[in-house]
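As structure tokens, the structure follows; a few thoughts come after it.
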Amino acid sequence: MSFDEEDKKIISILQEDGRTPLSAMGKELGLSHVAVGKRLDKLCEKLVKVSAGLNAEYLGFRIAIVNAEVETPKRLRELVDMFSKCPRMVFLTMTTGAYNLMTIMVAEDADTLNAIIERCSVRARKGGIRRSEAVIGEAPVVPRYLPIKVVATRTDEDAPCGINCGRCLRYNEKKCLGCPSTKYYRGPL
């Protein structure tokens, strides 16, 4: 897909403020709001997604980067499929080098972050993980807004990773807020 200078300007405006009205973009570009809308529709087919990101710093969230060396391509695909459904996952990719899987997860506080690293992350999966490394950090400076998943309806017993928070020692000792996709979640989202 090719895009021109006007498309680039539309993307730039939306990256600054995704709520910018089409009429305001049109005024800046010298186009009608209808023309901007058509361009945006075309961009949204393959290239652009306008969505709500959450300010992790404002929420007090912390991040964990977990890298893992997964033994086989089949197990790597299984883990990618499993963790792509995790509501705490904000970044997941296959890599080359010392590790072949990289994840970035978020948590509301240090206790929950430690619990997910040791119990719910890629690093805690049995079978096929040769080694892993976890790095804990504060909320990122860039990007300021993250694609943190907000789960509106919580009815599940088990998290996407297969863990049942109701049977987890850390959860029951109040050292973890639980998985946002389960009925056990006690966090702010």
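The values are calculated or read from the model by the stated rules, or taken from the named source; none is laboratory data. Keep in mind that what you see is a predicted model, and the values were worked out from it rather than measured. We place every Cβ from the backbone using ideal geometry, glycine too, and count neighbours over all the protein chains shown.
The selection criterion, being more than 18 Å from the chain's Cα centre (by Cα) and small (Gly, Ala, Ser), holds for Gly166. Just to be sure, is Asn67 out of contact with any helix residue (DSSP H, G or I) (no Cβ under 8 Å at 6 or more places or on another chain) and crowded, with 18+ Cβ neighbours inside 10 Å? In short, yes. Residue-level analysis places Leu146 among those that are modelled with pLDDT of 95 or more and under 20 Å from the mean Cα position of the chain (by Cα). Of Gly60, Gly37, all but one fail to be among the small types (Gly, Ala, Ser) and either surrounded by 15 or more Cβ atoms within 10 Å (Cβ to Cβ) or free of Cβ contacts under 8 Å to residues at least 24 places away in the same chain (or both); the exception is Gly37. The selection criterion, being in contact with a Leu (Cβ under 6 Å, 6 or more places away or on another chain), crowded, with 20+ Cβ neighbours inside 10 Å and of a type in the set (Gly, Ala, Ser), holds for Ala107. Considering only residues in segment 85-104 that are hydroxyl-bearing (Ser, Thr, Tyr) and more than 21 Å from Gly187 (Cβ to Cβ), the one that is surrounded by the fewest Cβ atoms within 10 Å (Cβ to Cβ) turns out to be Thr96.
When Arg77, Arg19 are screened for being surrounded by fewer than 17 Cβ atoms within 10 Å (Cβ to Cβ) and outside any helix (DSSP H, G or I), only Arg19 passes.
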